[in-house]
Amino acid sequence: MSHPYLLLTTLLAGLLIPLCFTRLPGLPWWGWLFFPLIAFFLRRRPFGRVLLVFALGACWALAWHQWQLGQRLPPRLDNQTLELVGTVAALPEQTETGWRFMLRDGRSLDGQSLPLMRLHWWGGEAVRAGEQWQLTVRLRAPRGMRNPGTFDYEAWLYAQGVGAVGSVRAGHRVAVAPAFGQWRDRLHQHLGSSLVSADNRRLLALLVGDRQALSDADWDVLQRTGTSHLLVISGLHVGMLALAFFLLVQQLVRWSPWHWPWPQLWLSAPLALCAAASYALLAGMAVPVQRALLMCAAALLLKLWRRAIGPVTLWLLAMCMVVLANPAAPLRAGFWLSFIAVGLLILGMGGRLHNRGLWWRWGRAQWVAFIGLWPWLVLWGMPASGASMLINLVAIPWISLLVVPLALLGSLLQLLTGLDQLLLLAAWLLNLFMGFLSWAAGWSPLIYLSFPGWWSWCLALVGSLMLLLPGAAAVRPLALFCLLPVFFAEQPRPAQGQLHVVVLDVGQGLSVLLQTAEHDLLYDAGARLASGFDLGEAVVVPSLLALGVEKLDLLLISHGDNDHAGGAFSVSRMLPARRSIAGEPERLEGLSAEPCHHGERWQWDGVDFQLLRARLPAAPANGQSCVLQVTANGQSVLLPGDIRQIEEYALLPALAPAEVLLAPHHGSRSSSSYAFIRRLNPDWVVFSAGYHSPYGHPHPQVVQRYRELGSDAIYTGQSGAVGFMLGRPGKVRPEWRWREAARRFWHQ
């Protein structure tokens with residue numbers, strides 16, 4: 001019989017392999033895969049069993065993904081306004097501009113079934129979980145911005161089963177939630193009535209999994225200290241609760257005068273599992289919580305059956321069960337960070353470590369997690385806290401052994417008797433902890449590392465595992481050597497005299513990176529949305545890090561409009577620039593930007609840069625855009641900001657032909673005159689505008705104008721980020737379009 005390790009690993013590989021596909025194979029290809037494998041299994045049992053397990057996992061995952069893709073919004077309804085009825089799912093989130101919530105069991109008024117939707121209602125009414133609403137919604141297919149090194153929003157939606165997103169225009173409540181259907185929401189409101197202040201309401205994150213209870217400043221502190229996992233209902237808390245409940249019930253049965261006729265295990269194990277499951281339901285069953293609950297269930301059941309099972313087998317079994325239930329779960333970083341952290345502890349805490357003291361083992365556990373998770377944080381483009389190991393030595397016991405038990409007991413006491421003193425004590429202890437973290441965040445640097453490539457990353461992964469093996473002191477110098485590629489990764493840069501141009505996909509906005517052999521310039525930084533979402537922080541900076549940018553030599557903001565300058569403050573905070581220039585520096589308080597001077601020139605690494613500005617009297621913000629013209633070995637790119645046709649005419653004498661042109665003002669009808677296009681005669685025109693732009697960018701007349709004059713068009717809303725290399729022999733062509741270069745089957 002094959003070893004359980006091998007079978008579980010093979011099953012997991014089969015479940016994961018479809019996630020590497022750019023397109024899912026058709027049904028006949030994988031549907032007929034069973035027959036040759038079954039025949040091979042009957043012929044050569046040991047090897048055939050392994051292949052059959054792999055095939056079963058792959059076929060199940062493929063069938064599930066095919067079904068999941070079939071649940072998405074039909075293409076004919078994309079960007080259409082629809083009247084529909086549905087039920088609010090989970091806890092709605094109140095944003096700065098309205099409400100964001102999931103809608104399940106959606107149906108149009110003509111009876112057509114609709115997928116699970118993620119909706120945002122700007123300035124709308126308060127919605128509650130379990131309520132039924134009739135809404136007027138502008139629906140869109142699940143689609144996100146696509147850039148190197150950034151969060152894959154489409155994968156995140158797909159992993160949650162979301163088949164459509166949309167914005168609510170109007171609506172009215174059809175039916176209130178049934179009593180059981182909104183129990184989590186009612187519990188949230190009931191406990192919130194005792195936790196009135198904003199600081200005390202932080203405790204709701206630990207009680208009902210309400211992430212909104214923590215402010216943006218709180219999340220920033222948690223990220224800087226590496227303690228984000230502690231202020232949500234995590235797998236650690238579920239496991240600690242199950243263990244505490246198990247031991248408590250055993251002691252109560254032992255001390256109780258009531259005689260329990262069966263072994264204590266038959267009472268303590270089921271009750272501990274029920275307690276853990278109840279707490280997991282409060283959290284909304286996130287992947288780390290699923291992992292902890294499954295491992296607790298398996299351990300308790302095996303204990304009831306008096307069967308011994310190794311921790312690695314238990315770990316693999318829990319991982320397989322989570323992926324079997326949702327083959328898209330591995331698309332979320334939390335899946336890997338949660339399971340890998342547990343696997344690292346199993347690996348790093350084995351051997352003869354039980355002979356050591358408690359505090360030594362506790363410090364060793366933090367060291368294992370700190371070192372072992374570095375490669376995985378790099379893989380997911382996430383920063384690491386430099387002091388997280390030291391902070392967690394104190395933070396984990398404080399939250400898990402003090403705050404969480406008091407919070408749960410206080411909640412139970414408040415629900416049964418109305419007394420909230422214990423609940424408020426837990427909130428006070430949590431606030432004290434947050435005060436400590438705010439102090440610690442001041443000396444806990446965030447370390448950003450770019451992805452070094454798959455070969456280097458795999459080498460670093462091997463090095464981290466070697467470093468953590470108990471008793472492996474002899475190989476530690478080699479392990480440290482293997483880790484070097486992660487910390488000193490260098491992305492390829494242009495040669496002398498060449499220019500790398502990357503137009504980022506920032507939706508309805510603009511951000512362009514220009515790289516020479518040794519210098520980096522960022523032209524505009526995307527928007528900061530009314531909801532608080534900052535594209536400078538969430539998109540621009542991660543993309544720059546992934547492209548090898550360690551510092552900015554120049555941050556150039558064309559003008560002060562939000563879609564160009566909104567993200568500039570986050571960029572300058574996270575990647576400080578040696579120099580900043582702006583078309584409207586007076587509108588960018590705090591950036592210390594110099595004004596744009598027409599005709600200013602400089603050269604970097606054999607590449608010529610020139611600033612242009614129309615300087616027309618009483619021009620609006622768009623007309624004051626600072627224009628940048630760059631030439632590398634006779635090939636040019638022009639970045640004109642949001643200039644109008646009147647500024648185009650004023651600048652014509654100073655303009656040179658350009659192989660690549662960024663369409664002025666995202667392709668609006670007020671720009672891109674025939675004279676301007678003829679003067680530049682671009683081979684490629686890039687329209688930086690959102691998919692289904694609410695402003696209608698680019699305008700069809702403008703697109704037709706470029707086509708008439710022989711320019712090929714690229715739309716960032718369709719292609720994602722796009723890269724060009726100027727200064728090489730031959731015609732300029734796009735090096736890559738990120739939506740195609742990094743495509744997976746779930747991408748639109």
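Here are the numbers:
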item: Of all DSSP beta bridges in the chain, antiparallel share, percent nearest 5; result: 75 percent
item: Column: log10 I(q)/I(0), Debye, Cα scatterers of the chain, q = 0.08, 0.09 Å⁻¹; result: -0.77, -0.97
item: Residues Ser215 and Glu589, FRET efficiency given R0 of 25 Å [Cβ-Cβ distance, rounded to 0.05]; result: 0.60
item: Estimated dipole of the chain in Debye, rounded to 20 [Cβ of Lys and Arg +1, of Asp and Glu -1, Cα centre]; result: 2720 debye
item: Spin-label zone in the stretch 101-135 - amide nitrogen under 15 Å from a point set 7 Å from the Cα of Arg76 along the C-beta vector; result: 108-114
item: Relative packing of peptides 498-509, 318-329, 644-655, 414-425 - highest average C-beta neighbours within 10 Å first; result: 498-509, 318-329, 644-655, 414-425
item: Integer Hz, Karplus 6.51/-1.76/1.60 couplings in order for the stretch 171-177, x for Gly and Pro; result: x, 8, 6, 8, 8, 6, 6
item: Residue-normalised accessible area of the stretch 372-470, given per residue in Å² at a 1.4 Å probe; result: 45 Å²
item: Label-point separation in nm, Asn681 to Val394, each point 7 Å along Cα→Cβ; result: 6.9 nm
item: Heavy-atom accessible area per residue - the stretch 574-680, 1.4 Å, Å²; result: 41 Å²
item: Gained length - Met321 relative to Ile447, 0.36 nm times residue gap less alpha-carbon distance; result: 42.0 nm
item: Mean Cα-pair separation over length for the chain, i.e. relative contact order, pairs under 8 Å, 6 or more apart, %; result: 10 percent
item: Whole-percent carbon and sulfur share, accessible surface of the chain, 1.4 Å; result: 62 percent
item: Surrounding net charge for Leu544, when Lys and Arg each add one and Asp and Glu each subtract one, Cβ distance under 14 Å; result: -3
item: Angle in degrees between helix 358-372 and the longest Cα principal axis of the chain, rounded to the nearest 10; result: 30 degrees
item: Nearest-ten-degree value, helix 333-348 long axis tilted from longest Cα axis of the chain; result: 50 degrees
item: FRET efficiency estimate (nearest 0.05) - Cβ-Cβ, Asp712 to Ala618, R0 45 angstrom; result: 0.80
item: Two-site label geometry, Trp736 and Leu247: point separation in nm, points 7 Å out along Cα→Cβ; result: 5.0 nm
item: Those trypsin sites (Lys or Arg not before Pro) in the stretch 551-581 that DSSP places in a loop and that have at most 14 other beta carbons within 10 Å; result: Lys551, Arg578, Arg579
item: Bridge type composition, the stretch 573-713 - antiparallel percent by DSSP, nearest 5; result: 60 percent
item: Fully extended contour minus Cα-Cα distance, from His597 to Lys551, at 0.36 nm per residue; result: 14.2 nm
item: Ordering of 697-705, 632-640, 158-166 by packing [mean C-beta count within 10 Å, highest first]; result: 632-640, 158-166, 697-705
item: Unmatched cysteines, the chain - criterion: no other Cβ of a Cys under 4.7 angstrom; result: Cys20, Cys59, Cys274, Cys296, Cys320, Cys458, Cys482
item: Placed amide H near Ala90: partners under 5 Å, 5+ positions off or other chain; result: Gly130
item: Average accessible area per residue (Å²) across the stretch 486-570 - probe 1.4 Å, nucleic acids and ligands excluded; result: 28 Å²
item: J(HN,Hα) series, the stretch 584-591, from Karplus relation 6.51 cos²θ - 1.76 cosθ + 1.60, nearest Hz, glycine and proline x; result: 10, x, 5, 8, 10, 5, x, 8
item: In nm, spacing of pseudo-spin labels at Arg578 and Leu402 (7 Å Cα→C-beta vector); result: 4.8 nm
item: Potential lengthening between Phe745 and Ser108 on full extension [0.36 nm per residue; Cα-Cα distance subtracted]; result: 226.6 nm
item: Principal-axis tilt of helix 404-417 within the chain, Cα atoms, nearest 10 degrees; result: 70 degrees
item: Which of Glu490, Glu735 is most accessible, then next, and so on - probe 1.4 Å; result: Glu490, Glu735
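The values are calculated or read from the model by the stated rules, or taken from the named source; none is laboratory data. Only a predicted model underlies this, so the values are computations on that prediction, with no experimental measurement involved. So basically every Cβ, Gly included, is an ideal-geometry build from the backbone, and we count neighbours across all protein chains shown. When the accessible area is computed, the model is the full protein with side chains, heavy atoms only, and any ligands, DNA or RNA have been set aside. Shrake-Rupley method; radii C 1.70, N 1.55, O 1.52, S 1.80 Å.
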